[in-house]
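Everything below concerns the one structure shown next.
The values are calculated or read from the model by the stated rules, or taken from the named source; none is laboratory data. Predicted model, so just to flag it, every value in this text is computed and none were measured. Cβ: placed from backbone, ideal geometry, glycine included. Neighbour counts: every protein chain shown. For the accessible areas, the whole protein counts, side chains as well, though only heavy atoms, and no ligand, DNA or RNA atoms are used. Shrake-Rupley method; radii C 1.70, N 1.55, O 1.52, S 1.80 Å.
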Amino acid sequence: MLLFTLLVTGIISLLTGSIYYSAKAERIAAFNRRLKGRANYNTQLYTLMGDSAFYYMRRNDSVSAAGVVGSRSIGIYTEEGKLIYLFEMPGTPPIILSDTIFQEVREKGEKDFIMDNRDAIAVNRVTPKRNFIVVVVGHDDDGLERLETLKRILLIGLVTSIAVTALVSFLFARQLLRPIALIIREVNEISSFDLSHRIRAGSGQDEMNQLANTFNDLLARLQESFAIQRRFISNASHELSTPLTSVSSQVEVVLQKERSAEEYKQVLFSVREDVQQMRQLTKSLLEIAKTGSQGGIELNEVRIDEVLIKVVGDVKKLSASYNIELEFGEFPEDEKDFVVFGNIDLFYIAIKNVVENGCKYSPNSTSFVDLTFRNHKIFIRVINRGNVIPEAELPQIFQPFYRGSGTGNSRGFGLGLSLAQRIIALHKGTILVNSDLQNGTCFTIELPAIKIFN
């Protein structure tokens, strides 16, 4: 508000000053024209009539001095500066001209100057009979009075304009800031324990409405993120407590009485299995946490075909029954079209999870994997002929700890696809799934090639 008021004040002051100085310059120019007109009149009269013109000049100057030019003095001098004719109104200072002024008038023909706070003009007239200089001095009483009146009007207008501008700025700023203050007050009432509150946006389409809607969208995303986090923590706690409870129960049972070496061995095997399960779960949770911190990930150029070859080899080692058919499409001529920018370890984890799931949930333990390239993008499809995923479950399969109805007794935590989706999203890619009886279940991973960023 202060800045706007100062800006408007500066503009109005500049405009007011321009008007005043233009009027002042115009007054000076107009008065000089009047003085010059009187000088030319006396010059012509003296040229025509000579010394006999002094009577008419004095008579005319006495009459016209009453209302035309105040404090007027008129003098006629020879080129050498000798006074020939002089008229001075009573009470006016005498005409005093220096040799310098006479010299400038002879050289330039005329000169405007100030004498005793009065405007003056000297005109040099050259005729065949005689050369002489006419000097007219006067005070522009009417012009200065009008200029002073204009000055007062402009000053009053300036002060009034500043006051009105300040008042309007204050009222406008208060009206403008009122919605912002309301938004601030409502935002301060929101806490991490209750993100369901929304800011009243109103029905308008102005910037305040857009700001409120932006905050509401942000709150909705935060609320969803917190809900996912709470579900994740709850599920993680449950998954971790299950093997811990099993270990604790087995230890308590075996300690109730003496057991044989074989019984102790069986319990230890069972405990080891539970510990390995917890270790695998903890590893998966750490990998998911790692994908949430992009700043700590080392990024390099990665050839996806090399990652796929490594994934296929490692997944086959997990089980002798696993079979993977890998196909490569036609490679583009530019190497940058089949290279992505990212972290090779995370790419390996994401693709391995999808391929391993394809083998795990397929009746014949077979996954079909193909790699294609088009439009500076890389497409990886993983297809299996396992149980069809119900359409209602498709939006949920990427949620942490979610296990579909078709997983049966297969071991797992429901973290593989969630981790894969996070990794792919972290690398500006997408992962989609389609599942039907005719084509089976197909996961399609789309990644931007490094070429698209060049």
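If r is the Cβ-Cβ distance from ARG130 to VAL159 and R0 is 60 Å, what FRET efficiency results, to the nearest 0.05?
For ARG130 and VAL159, the calculated efficiency is 0.55.
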**Q.** Förster radius 25 Å - calculated FRET efficiency between SER319 and ASP345 (Cβ-Cβ, nearest 0.05)
**A.** 0.65
(Q) Using protein chains only and a probe of 1.4 angstrom, how many square angstrom of SER249 are accessible, to the nearest 10? (A) 50
Q: Report the full-extension gain for the segment ALA173 to THR9: residue separation times 0.36 nm, less the Cα-Cα distance, to one decimal in nm.
A: 57.4 nm
Q: Starting from the Cα of SER248, step 7 Å along the direction of its Cβ; do the same at GLU273; then give the gap between the two resulting points in nm.
A: 2.1
Q. Tell me, what does the Kirkwood hydrodynamic radius of region 34-177 come to in angstroms if you use every pair of distinct C-alpha atoms?
A. 17.8
Q: Could you work out the local net charge near ASP314, counting Lys and Arg as +1, Asp and Glu as -1, over the other residues with Cβ closer than 12 Å to its Cβ?
A: +3
